[in-house]
């Protein structure tokens, strides 16, 4: 069990300084599909290990355009708005359906504007990750709902906490499975 605790602390340490790029940190130049995919993977690989999930493919991007989740590219080039949408969608699809994501994006965009909605999403996702990191590191617990949440932010808060919690649970289960395999122990039924 000490191995699980040590591995969990190591994982938590890797996530302590996770930073999602805010709108003003996204490239202002237009990018081609392969550049967009590379950037999204670079931004998200510290959070979602690539060996576990395919983060983003050109087929996914094309489907998101067809489903009106993201605007169509202009002359096969993508901009900051596309990157912001793709970062959020890639994380959110771990815990929500595509129709739910679309509805959430439409609502948040209408409520506070696309830039603010994206920056809010990044703030909330980092805060949610801090909650599970504190658990992994066995530090002072971080409260998730210690303040009233404005109605316009409830879905964002819930979705980001769901993602962070799912990530944490997957890691704990992975470590428990590894422990059982290494120690030749079986689960009693």
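Just so you know, all these numbers are worked out from the coordinates, no wet-lab data involved. Remember, predicted model here, so these are calculated numbers, not experimental data. Virtual Cβ from ideal backbone geometry, glycine too; neighbours counted across all protein chains shown.
Figures for the structure shown
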{"read-out": "Identified option (computed percent of Cα pairs over 25 Å apart; candidates [x] 40; [y] 32; [z] 36)", "value": "[x]"}
{"read-out": "Using alpha-carbon coordinates, inclination of helix 154-183 to the longest axis of the chain, degrees", "value": "40"}
{"read-out": "Cα-based equivalent ellipsoid, segment 77-189: semi-axes from gyration tensor eigenvalues, Å", "value": "32, 17, 12"}
{"read-out": "GNM top mover of 92, 69, 26 - the chain, alpha-carbon springs below 10 Å", "value": "26"}
{"read-out": "Ranked list, fewest to most other Cβ atoms within 10 Å of each Cβ, for 65, 132", "value": "65, 132"}
{"read-out": "Peptides 98-106, 16-24 ordered by average Cβ neighbours within 10 Å, highest first", "value": "98-106, 16-24"}
{"read-out": "Centre separation in Å (Cα based) which lies between segment 110-175 and segment 2-77", "value": "17"}
{"read-out": "Degrees, to the nearest 10: 98-112 long Cα axis against longest axis of the chain", "value": "60"}
{"read-out": "Degrees between helix 33-44 axis and first principal axis of the chain (Cα, 0 to 90, nearest 10)", "value": "40"}
{"read-out": "Residue order, fewest to most beta carbons within 10 Å, for 114, 47", "value": "114, 47"}
